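Reviewing the structure listed below.
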Amino acid sequence: DAAPLMAAAEMQVQLGHDDQAIAMLSDKLVYFEHNAAIRMAIGRIHLLNHRIPQAIKMLRAAWLLAPDDPIVLEQFSMAEYAGGHWADAIFHLKHLLKMPSAKNRRDLRMTLGDCLQMSGKNVDARLVFLKLTKEDPTNVNAWIKLGQAAWLVGDEGRLRESARHILSLAPDRYEGHLLQGLIERRLGNTRAAIAQFDIASGLAPRQAQPWILRGLTLQDAGKNTEAAVAYREALKVNPNDARARELLAGVSTP
């Protein structure tokens, strides 16, 4: 009976002794060689401590022992998502969403959309987010993701619709202003685009993207000196931003 072992390990986790819990459970893996729950518990502890490769390894072992258990499959999919294993996460999330207990889970569909977008499948991602916004028009995060996908595939109508809904539902979120700025930039409205990017940077001072887009818009208008200032501001926010560094290096200033 693995229940007493699981209870003891859970107590260690509650006390903040995660490594002790893992050691306790790992000691019995050979004895409980066909027990998926123990392997899932170890994987979850690793996941909570951001030890993603270890989490994936243990949760894969749990899934192989219990391939039709939606709880195991969900944990495994989340570990793959956290580790950036987009193709694997997409495969397992699609399988999970076919199960009766998970098929109506919007959070899992949001994660699936994220994985599709991160793997470059923006058309498929847009469809996922579009369905989510139709089911719940107040879902700000789904509108943000839809707007991003629409921008990437050149869907002007959805981009405008997304920006409008985000600005209406959550005017204090920077993403709506960012998307509106992209619309203005595409229309050639330099001043209006910069105004939106400035609002976005004020709402999200730790985000480099509004500064980068401000710089690109100024560069489009031939204002390279001002663009360089924007790229430097982006690097102040995130010194490791390779795109900002590359853009700054490419700007020819007097």
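The table for this structure:
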quantity: The stretch 35-77 - residue that is of a type in the set (Val, Ile, Thr) and under 17 Å from Met6 (Cα atoms) and, of those, most open to solvent (accessible area, probe 1.4 Å); calculated: Ile71
quantity: Unmet requirement for Ile199, which otherwise passes all of (1) more than 22 Å from the chain's Cα centre (by Cα); (2) within 23 Å of Leu127 (Cα to Cα); (3) surrounded by 17 or more Cβ atoms within 10 Å (Cβ to Cβ); calculated: (2)
quantity: Every residue from the stretch 1-34 that is open to solvent by less than 60 Å² (accessible area, probe 1.4 Å) and of a type in the set (Ser, Thr, Tyr); calculated: Ser26
quantity: Enumerated helices (runs of 4 or more DSSP H) restricted to the stretch 95-182, each holding at least 1 residues that are under 16 Å from Gln196 (Cβ atoms) and within 14 Å of the chain's Cα centre (by Cα); calculated: 140-153
quantity: Selected residue [within 28 Å of Glu246 (Cα to Cα) and of a type in the set (Gly, Ala, Ser)] from Gly157, Gly147; calculated: Gly147
quantity: Residue tally, condition among the small types (Gly, Ala, Ser), in a helix (DSSP H, G or I) and open to solvent by less than 50 Å² (accessible area, probe 1.4 Å), over the stretch 203-249; calculated: 6
quantity: Single unsatisfied condition, Glu161 versus (1) open to solvent by 60 Å² or more (accessible area, probe 1.4 Å); (2) of a type in the set (Asp, Glu); (3) within 25 Å of Arg126 (Cβ to Cβ); calculated: (1)
quantity: All positions within the stretch 166-187 that are open to solvent by 50 Å² or more (accessible area, probe 1.4 Å) and in contact (Cβ under 8 Å) with a residue 24 or more places away in the chain; calculated: Leu169, Asp172, Arg173, Arg185, Arg186
quantity: Near pairs, Cβ below 7 angstrom, 6+ apart or cross-chain, from the stretch 88-114 (in contact (Cβ under 8 Å) with a residue 12 or more places away in the chain) to any residue that is of a type in the set (Phe, Trp, Tyr) and open to solvent by 40 Å² or more (accessible area, probe 1.4 Å); calculated: Ala89/Tyr81; Thr111/Tyr81
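Matching residues to (1) closer than 25 Å to Trp143 by Cα; (2) aromatic (Phe, Trp, Tyr):
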{"residue": "Glu156", "(1), (2)": "yes, no"}
{"residue": "Leu159", "(1), (2)": "yes, no"}
{"residue": "Glu184", "(1), (2)": "yes, no"}
{"residue": "Leu187", "(1), (2)": "yes, no"}
{"residue": "Gly202", "(1), (2)": "yes, no"}
{"residue": "Ala208", "(1), (2)": "yes, no"}
{"residue": "Trp211", "(1), (2)": "yes, yes"}
{"residue": "Thr225", "(1), (2)": "no, no"}
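The values are calculated or read from the model by the stated rules, or taken from the named source; none is laboratory data. Computed from a predicted structure; not experimentally measured. Cβ sites come from the backbone with ideal geometry, for glycine too, and all protein chains shown count toward neighbours. Just the protein is used for accessible areas: all its heavy atoms, side chains included, with ligands, DNA and RNA removed. Shrake-Rupley method; radii C 1.70, N 1.55, O 1.52, S 1.80 Å.
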